[in-house]
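One structure follows; several queries about it will come next.
The values are calculated or read from the model by the stated rules, or taken from the named source; none is laboratory data. Source: prediction; values computed, not measured. Cβ sites come from the backbone with ideal geometry, for glycine too, and all protein chains shown count toward neighbours. These accessible areas exclude ligands, DNA and RNA; they are computed on the full protein's heavy atoms, side chains included. Shrake-Rupley method; radii C 1.70, N 1.55, O 1.52, S 1.80 Å.
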Amino acid sequence: RYEPTWGSLDARPLPAWFDEAKFGVFIHWGVFSVPSFGSEWFWWYWQKEKREPYVKFMEANYPPGFSYEDFGPLFTAEFFDPNQWADILKASGAKYVVLTSKHHEGFTLWGSKYSWNWNAVDMGPKRDLVAELAASVRNRTELHFGLYHSLFEWFNPLFLEDAANVFKTRKFPTSKSLPELYEIVTSYHPEIIWSDGNGNAPDTYWNSTGFLAWLYNDSPVRDSVVTNDRWGVGSICTHGGFYTCSDRYNPGHLLPHKWENCMTIDRRSWGYRRDAQLSDYLTIEELVKQLVETVSCGGNLLMNIGPTHDGRIAVIFEERLRQMGAWLEVNGEAIYGTKPWRAQNDSVTQEVWYTFSPKEGTVNAIFLNWPVSGTLELGEPQAKLGETQVKLAGYKELLKWVALGEKGLVIALPQLTPKQLPCQWGWTLQLTAIN
């Protein structure tokens, strides 16, 4: 059994499915999807920081005295079709999904008995959005279902009172945050608890170690659940399950501990923005590059979309997800279930990243630019004459190659028309019998 101490909790081995999965989809959805302007931090920027664009937006579009709470009933979700969402998630090639059950605004997407009249069952959609998505994901896909939960809430009076007492009192975690965590685990059996928002309070205030000990010892998901590292001031990148370290974290080198790069397709926001421009969205080439760099360095990629207040996954997000799925259809063997190789990227040719498939004993070299010369030089692999074979994922015939001295080889790529290419962005060379 795990003790409620970081020493004991950090010694828990991470369930193997998480490292093998490599790719997940993050979903930021809530009352902030109603104004869908600027950022999911809309309430804070408008009311607390009083940032000019937010103040002007409200003055121009809403009557005087309109409060953030007034957005609640407008979060309607009338087009929310959990089966359609599940089908899009499946088509993306993702192996897990993490839904925001509650963001810093405190609004819960399930009918929490600890969030009276500020939840999706009591107002707005009048539906248990967490339950519906969990059921569809489990019925229609193989994806692992996870939940994001914010520890703190910007404007909750109990939290503000505790903060004013320099967290010597613990009214908020005992009456709101912790009961909600127990509630989502027992009700929905999430296999990921993605904690966030420490409110500048230590983990002792949140009793994070007490909750995690229960989660790992006695909860219904004790054997399969994975957690992140955001459990109070000082825990990030240090304690918990996998490390996130910061948003959009991509170190570009191998880390000794399992980590995740959580990032957004919309460069500027996690929630949906009606005012987003096409250039604000990452291209599929940029997303494939993020995935390849992340996995080669031992990380998982958690790629975020923000649905609309009425429950739609915007077409641009759906396209990116389906494009990623099409790429993984061809190159998935170089991603899923792989381990980092001895070199993460190539020493001679730029934009070449390596992974290793332990079952097949294959070194995968994923190259992001198709060379004009028709030949690709790799500086890292040590080939063996008469033994090493080189294959292009999605192409039938073996490729010709010549060795360069001690290590390195030059590979002749097939001459293909754009239509004949196995995929459009980023290609995988599978090398067998490499020293």
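For the pair Val233 and Gln350, what calculated FRET efficiency results from E = 1/(1 + (r/R0)^6), where r is the Cβ-Cβ distance and R0 = 41 Å, to the nearest 0.05?
With R0 = 41 Å, the Cβ-Cβ based efficiency is 0.60.
Would you mind calculating the gained length between Asp122 and Leu74 on full extension (0.36 nm times residue separation, minus the Cα-Cα distance), in nm to one decimal?
16.0 nm
Quick one: length gained pulling Thr5 to Glu377 fully straight, 0.36 nm per residue minus the C-alpha distance?
Residue separation times 0.36 nm, minus the Cα-Cα distance, leaves 128.9 nm.
Compute the separation of the alpha-carbon centres of the range 114-131 and the range 171-219 and state it in Å as a whole number.
Their Cα centres are 20 Å away from one another.
Measuring with a 1.4 Å probe in the full set of protein chains, what accessible area per residue, in whole Å², belongs to the range 6-334?
Value returned for the range 6-334: 37 Å² of accessible area per residue.
Let me ask you something else. Label points 7 Å out from Cα along the Cβ direction at Glu20 and Asn61: separation in nm?
4.5 nm
With point charges of +1 on the Cβ of Lys and Arg and -1 on the Cβ of Asp and Glu, referenced to the Cα centre of the chain, which listed residue (Ala433, Ser357, Phe75) lies farthest in the positive direction of the dipole?
The listed residue farthest towards the positive side: Ala433.
Sort by residue number and name the cysteines in the chain that have no neighbouring cysteine Cβ under 4.7 Å.
Cys262, Cys297, Cys423
Could I ask something else about it? Which lysines have a Cα lying under 18 Å from the Cα of Lys48, excluding residues fewer than 8 positions away in the same chain?
Counting by Cα, and skipping residues close in sequence, Lys48 has these lysines nearby: Lys56.
Taking a ≥ b ≥ c as the square roots of the Cα gyration tensor eigenvalues, with a/c under 1.5 meaning rounded and otherwise prolate when a/b beats b/c, else oblate, which class fits the range 1-98?
In terms of gyration-tensor shape, oblate.
OK, next. Around Asp162, what is the net charge, scoring Lys/Arg as +1 and Asp/Glu as -1 over all other residues with Cβ under 14 Å from its Cβ?
Cβ neighbours under 14 Å give a net charge of +2.
For Val410, what is the net charge nearby, where nearby means another residue's Cβ is under 15 Å from its Cβ and Lys, Arg count +1, Asp, Glu -1?
Value of the local net charge: -2.
Normalised by the residues of the range 85-181, what does the relative contact order come to in percent, with Cα pairs under 8 Å and at least six apart?
Relative contact order comes out at 31 percent.
Still on this structure, I have one more. Going by average Cβ neighbours within 10 Å, how do the peptides 150-162, 187-199 rank, with the highest at the top?
Going from most to least packed, we get 187-199, 150-162.
Counting Lys and Arg as +1 and Asp and Glu as -1, what is the net charge of the other residues whose Cβ lies under 15 Å from the Cβ of Ile236?
Summing Lys and Arg as +1 and Asp and Glu as -1 gives -3.
Between Lys396 and Ile316, how high is the FRET efficiency from 1/(1 + (r/R0)^6) when r is the Cβ-Cβ distance and R₀ = 35 Å? Nearest 0.05.
Efficiency, from the Cβ-Cβ distance: 0.55.
Which three semi-axes in whole Å describe the equivalent ellipsoid of the chain, each the square root of 5 times a Cα gyration tensor eigenvalue, listed largest first?
Equivalent ellipsoid semi-axes, largest first: 42, 25, 19 Å.
Explain nothing, just the number: relative contact order of the chain, from Cα pairs under 8 Å at least 6 residues apart, as a whole percent.
Value for the chain: 17 percent.
Over the chain, what is the percentage of antiparallel beta bridges among all DSSP beta bridges, to the nearest 5?
So the antiparallel bridges amount to about 50 percent of the total.
With r as the distance between the Cβ atoms of Ala403 and Arg138 and R0 = 35 Å, compute the FRET efficiency 1/(1 + (r/R0)^6) and round to 0.05.
Taking R0 as 35 Å, the efficiency between Arg138 and Ala403 is 0.10.
Determine the dipole magnitude for the chain: charges of +1 sit on the beta-carbon of Lys and Arg, -1 on that of Asp and Glu, nothing else is charged, the reference point is the Cα centre, and the result goes in debye to the nearest 20.
That gives a dipole near 380 debye.
Give me the extension gain from Ala131 to Lys171: residue separation times 0.36 nm, minus the current Cα-Cα distance, reported in nm with one decimal.
Roughly 11.6 nm would be gained on extension.
With +1 on each Lys and Arg Cβ and -1 on each Asp and Glu Cβ, and nothing else charged, work out how big the dipole of the range 267-375 is about its Cα centre, in Debye to the nearest 20.
Computed charge dipole of the range 267-375: roughly 260 debye.
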